[in-house]
Amino acid sequence: MNERLEKLREWIRPEVRGLAPYQPEPSGPRIRLDANESPYDMPAALKENMWKTFCRQAWNRYPDPGCVELRQALAAYEGVQPDQVAVGNGSDEIIRDLLICFGGAGTRTVFPTPTFCMYRLLTIALGGTPVGVRLLSDWSLDVPVILREIQSENSRILFIASPNNPTGNSFAAGHIEAILRGTDRLVVVDEAYRLFAEHSWVQRLSEFPNLAVLCTYSKAMSAAGIRIGYLLAHPLVVETVNRVRLPYNLDLFAQQLALAALRQPEFWQAQARLVKKERERLGRELSALEGVTVYPSESNFILLRVAGAERIKTILFQNSIAVRAFSTAEGLSDCLRVTVGTPEENTELIKQFASAILTQAR
């Protein structure tokens, strides 16, 4: 049996054998500020109405394979045409589909670093070569180097998360525009956190056929547990992605929930304003603590630097508060990423953070 297992291991592609699986923090803490989820659940009335709607559907039938009604609603919401919309089981699935279409063996995927880990992981899993371009010291884009790398012969696709995870900042519009004008390769702007920011590239899609914008319901729209993402792009890009999209990739419940959520945009915008207000308070009070540097954020989290970050994370965990440590990531030594919680959660975090600084200093 052991010999057969060893032989089976040999048949795993070498690049996959070398990957570490994506590992979220373990569950358990009472206050979860480590995954950039919304601190607010879906409204109870919406959940109740959704369940009644779902129960009236036939569960023995497959859902609409083309998500036609949802794509039409998303197009109206975003001010584009339905043939410019692709939907996915979370934006991660769409990233994978884009890389199946534009990446693969012998190609290079470019992205700034540090950034969302799935660009690198999925590139490697599909046989491509990830090319990270280090952000400048102020965490802005190194435009000349990015252009040089994306214009290299085997480069096909560039991912730019703006606002960026984990740094929290949006990249200058002029820098992204310079990149779009300087390359004919596909440029994907990942706007997972855009409702917490001041700028979106959706309105510029008609100017740049090589621009695609990636969106998700997981952050501002309180649906991380449902998995809904969508892509806005030129019809050519959408049609290409649909060639490799898994059949029935968005289940019946997800399609219905996505439609219901779109009917109350003012609610999500107001909820995002609450998060932004708390983000400013959280950043202000944490930065007042001795030795803590808080970086500007246009997302639903803040990045901070403090001596002994790993030890502070452990102390917080022992007090039932989870935050994310990035101390081993390039350029992020002694950095923690803290998701904005409810006012009560944020107040408790500030209290425990101050205590943790004193404890780890002893």
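The set of residues in region 238-252 being over 22 Å from the mean Cα position of the chain (by Cα) and farther than 29 Å from residue 210 by Cα consists of 252 alone. Just wondering, is there one or more residues in region 274-284 that are part of a loop (DSSP other than H, G, I, E, B) and more than 18 Å from residue 191 (Cα to Cα)? No, the conditions are met nowhere in region 274-284.
Can residue 354 be described as touching a residue at least 12 places away in the same chain (Cβ under 8 Å) and open to solvent by less than 50 Å² (accessible area, probe 1.4 Å)?
Considered against the rule, which asks whether it is touching a residue at least 12 places away in the same chain (Cβ under 8 Å) and open to solvent by less than 50 Å² (accessible area, probe 1.4 Å), residue 354 comes out as yes.
Is one or more of the residues making up region 241-250 crowded, with 17+ Cβ neighbours inside 10 Å, of a type in the set (Val, Ile, Thr) and not in a strand (DSSP E or B)? Yes, region 241-250 contains at least one residue that is crowded, with 17+ Cβ neighbours inside 10 Å, of a type in the set (Val, Ile, Thr) and not in a strand (DSSP E or B).
Here residue 35 passes the criteria (1) touching a strand residue (DSSP E or B) at 6+ places or on another chain (Cβ under 7 Å); (2) open to solvent by 30 Å² or more (accessible area, probe 1.4 Å); (3) outside any loop (DSSP other than H, G, I, E, B) except the one numbered (3). Restricting the first member to region 293-322 and to residues that are part of a helix (DSSP H, G or I), and the second to residues that are among the charged types (D, E, K, R) and open to solvent by 10 Å² or more (accessible area, probe 1.4 Å), the beta-carbon pairs closer than 6 Å and six or more apart or on different chains are 309/334.
Look at (1) touching a strand residue (DSSP E or B) at 6+ places or on another chain (Cβ under 7 Å); (2) in contact (Cβ under 8 Å) with a residue 40 or more places away in the chain; (3) under 22 Å from residue 169 (Cβ atoms); (4) outside any loop (DSSP other than H, G, I, E, B) and you find that residue 345 fails only one, number (3).
Kindly check whether there is at least one residue in region 170-182 that is in contact with a Lys or Arg (Cβ under 8 Å, 6 or more places away or on another chain) and under 18 Å from residue 116 (Cα atoms). The answer is no; no qualifying residue exists. Any residue at all in region 3-12 that's in a loop (DSSP other than H, G, I, E, B) and either among the β-branched types (Val, Ile, Thr) or open to solvent by less than 40 Å² (accessible area, probe 1.4 Å) (or both)? Checked against the condition, which is being in a loop (DSSP other than H, G, I, E, B) and either among the β-branched types (Val, Ile, Thr) or open to solvent by less than 40 Å² (accessible area, probe 1.4 Å) (or both), region 3-12 yields at least one hit.
A quick yes/no check of all residues on (1) open to solvent by less than 50 Å² (accessible area, probe 1.4 Å); (2) within 27 Å of residue 265 (Cα to Cα):
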{"position": "73", "(1), (2)": "yes, yes"}
{"position": "82", "(1), (2)": "yes, yes"}
{"position": "91", "(1), (2)": "yes, yes"}
{"position": "106", "(1), (2)": "no, no"}
{"position": "109", "(1), (2)": "yes, no"}
{"position": "127", "(1), (2)": "yes, no"}
{"position": "131", "(1), (2)": "yes, no"}
{"position": "146", "(1), (2)": "yes, no"}
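Examine region 348-361 for a residue that is touching a Cys at 6+ places or on another chain (Cβ under 7 Å) and either among the acidic types (Asp, Glu) or not in a strand (DSSP E or B) (or both), and state whether such a residue exists. The answer is no; no qualifying residue exists. Would you check if residue 309 is touching an Asp or Glu at 6+ places or on another chain (Cβ under 7 Å) and either open to solvent by less than 70 Å² (accessible area, probe 1.4 Å) or under 30 Å from residue 64 (Cα atoms) (or both)? Here the answer is yes, as residue 309 does meet what is asked.
The values are calculated or read from the model by the stated rules, or taken from the named source; none is laboratory data. Remember, predicted model here, so these are calculated numbers, not experimental data. Virtual Cβ from ideal backbone geometry, glycine too; neighbours counted across all protein chains shown. The accessibility values were calculated without ligands, DNA or RNA, using every heavy atom of the protein model including side chains. Shrake-Rupley method; radii C 1.70, N 1.55, O 1.52, S 1.80 Å.
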